[in-house]
Every structure is written in structure tokens, then in C-alpha cells.
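Everything on this sheet refers to the single structure shown next.
The values are calculated or read from the model by the stated rules, or taken from the named source; none is laboratory data. The shown structure was predicted, so the numbers you read here are calculated from the model rather than taken from an experiment. Glycine gets a Cβ as well: all are built from the backbone with ideal geometry, and neighbour counts include every protein chain shown.
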């Protein structure tokens with residue numbers, strides 16, 4: 001007799017420990033993802049913008065990464081359901097209290113952008129580039 005249905009789901013990354021379905025793993029499994037790269041300009045460093053972006057992405061079940069850039073901007077890659085990614089990008093246009101977002105450039109994320117994602121089902125804060 002094989003492993004239980006729950007054990008297979010956990011092994012495949014489809015359930016969290018509390019039993020909640022993991023949307024991120026489902027999106028990967030069924031191939032319904034989009035990937036967008038953003039660059040945020042304005043007062044976006046030193047105001048908690050990266051943490052804000054990571055919290056927004058994690059709350060929405062997105063994968064990807066965010067990091068500061070030496071030129072004073074912040075860049076991020078979001079992967080997931082198209083509507084959810086667009087909602088995350090909309091929140092980036094506002095940012096956290098104390099930030100001033102002058103512009104958010106959006107383009108499709110390329111393979112090099114996506115390669116920095118730390119693994120399926122995760123959103124990470126990367127070191128400054």
C-alpha cells in the first residue's frame with residue numbers, strides 16, 4: 001500500500017503544515033503563472049520598502065525576490081497568477097508609510113531574472129546588486 005494522500009500532497013508541496021492548500025505550488029504544478037520584473041524609483045531605500053514588498057508577495061502566495069540596487073532603486077520579480085501579480089505590483093506603486101514611489105517600471109521577467117528565485121514556493125530578500 002502506498003503513502004497516504006496527505007503524505008503525497010505534503011511531499012509534492014501542495015499543502016502547508018496546517019493543511020491549507022499552497023497556491024504557489026499549485027500554480028507551478030498547473031503552469032498558470034506569469035513573471036514580472038519591476039523597478040521602483042523614488043524614496044524606496046531605507047524606508048522598509050523591501051520588507052513591504054516581501055510581505056505583500058508572501059501574503060499573496062507569490063514566488064520571486066526583491067533587492068536594493070546601488071543606483072537607489074529597488075527591483076523585484078513576482079511569479080504567480082496574473083491577477084495576483086498585478087495586485088502585488090499595484091501595492092508597489094504605493095509602498096509602505098515613509099516611502100515615496102515616483103515610478104514603477106514593469107516588464108516581463110526574463111530567464112536571468114527568474115533564475116535568481118531561491119526555489120519553488122519562496123519569496124526572498126536578496127543582497128544589494
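Observations, loosely collected:
- Single match in 41, 107 (criterion: exposed (fewer than 14 other Cβ atoms within 10 Å of the Cβ) and in a strand (DSSP E or B)): 107
- Test: residue in segment 90-102 that is in contact with a helix residue (DSSP H, G or I) (Cβ under 9 Å, 6 or more places away or on another chain), surrounded by 12 or more Cβ atoms within 10 Å (Cβ to Cβ), assigned to a strand (DSSP E or B) and at pLDDT 95 or above: yes
- Flag set for residue 66, criterion: under 12 Å from the mean Cα position of the chain (by Cα), buried (at least 17 other Cβ atoms within 10 Å of the Cβ) and in contact (Cβ under 8 Å) with a residue 24 or more places away in the chain.
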